[in-house]
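Values in this text are rule-based calculations from the coordinates and carry no lab data. Note that the structure is a prediction, hence the values are computed from the model and not measured. Cβ coordinates were reconstructed from backbone atoms using ideal geometry, including for glycine residues, and neighbour counts include every protein chain displayed.
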Amino acid sequence: MKYILQCPQAIHEIGQRSNQEDSIFPVLGKADENTRLFIVCDGMGGHEKGEVASNTVCQALAEYITSRFPTDSVFTKDMFAEALEYAYQQLDKRDSGSFKKMGTTLTLLYMHRGGVF
């Protein structure tokens, strides 16, 4: 079965906060019909520096996956676990030692030769 992809769209809203705690990959306006990796991270309310956490995890995952796992190969749970571990390491480097640790939610979609992850 062949799928035809249209240009992906994204919107964001700050909501009740004074700063944007969401991060997306690709960044707004950079996705096209050839884009296969999509990530949305949202800093966790009640935790310190949600914007730092979401940006760090989003960028680390995007960098790791796009540089190591091409879309013409199969993407597995083990590959995702490896990428997620890298993102955790990058987040730990940004930890300020605060009582309320940084945190983010994560949603990821990756279309690859083996299907969708």
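Note on the chain: lysine pairs with Cα distance below 22 Å, sequence gap of 8 or more or different chains, count 4. About the centre of its Cα atoms, the chain shows a dipole size close to 100 debye [charges on the beta carbon of Lys, Arg (+1) and Asp, Glu (-1) only; nearest 20 debye]. When both bridge partners sit in the chain, DSSP labels roughly 100% of those beta bridges antiparallel. Residues in the range 103-117 carry Karplus couplings, in order, of x, 8, 8, 8, 10, 9, 10, 9, 8, 9, 3, x, x, 10, 10 Hz; the curve used is 6.51 cos²θ - 1.76 cosθ + 1.60 with θ = phi - 60°, and Gly or Pro positions show x. So what's the angle, to the nearest 10 degrees on a 0 to 90 scale, between helix 50-68 and the longest Cα principal axis of the chain? The answer is roughly 30 degrees. Summarising the amide proton neighbourhood of residue 112: residues at separation of 5 or more, or on other chains, whose placed amide H is nearer than 5 Å comprise 117. Magnitude of the charge dipole for the range 48-117, about its Cα centre and with charges confined to Cβ atoms of Lys, Arg (+1) and Asp, Glu (-1), is about 120 debye. Whole-Hz Karplus values for the range 72-83 come out as 8, 10, 8, 9, 10, 4, 5, 5, 5, 4, 5, 5 Hz, taken residue by residue from phi with 6.51 cos²θ - 1.76 cosθ + 1.60 and θ = phi - 60°; glycine and proline positions read x. Mean sequence separation of contacting Cα pairs (under 8 Å, at least six apart), scaled by the length of the chain, corresponds to a relative contact order of 30 percent. Over the chain, dividing the summed -39,500 (n - 2.57) contributions of all DSSP H runs of at least 4 residues by the number of residues returns a 222 nm mean residue ellipticity of -10500 deg cm²/dmol. For the chain, 7 have no disulfide-compatible partner, since no other Cys C-beta lies under 4.7 Å from theirs.
Could you work out the local net charge near residue 82, counting Lys and Arg as +1, Asp and Glu as -1, over the other residues with Cβ closer than 15 Å to its Cβ? Kindly include the intermediate steps, with their values, before the conclusion.
On the way: positive: 68, 77; negative: 63, 78, 85.
Value of the local net charge: -1.
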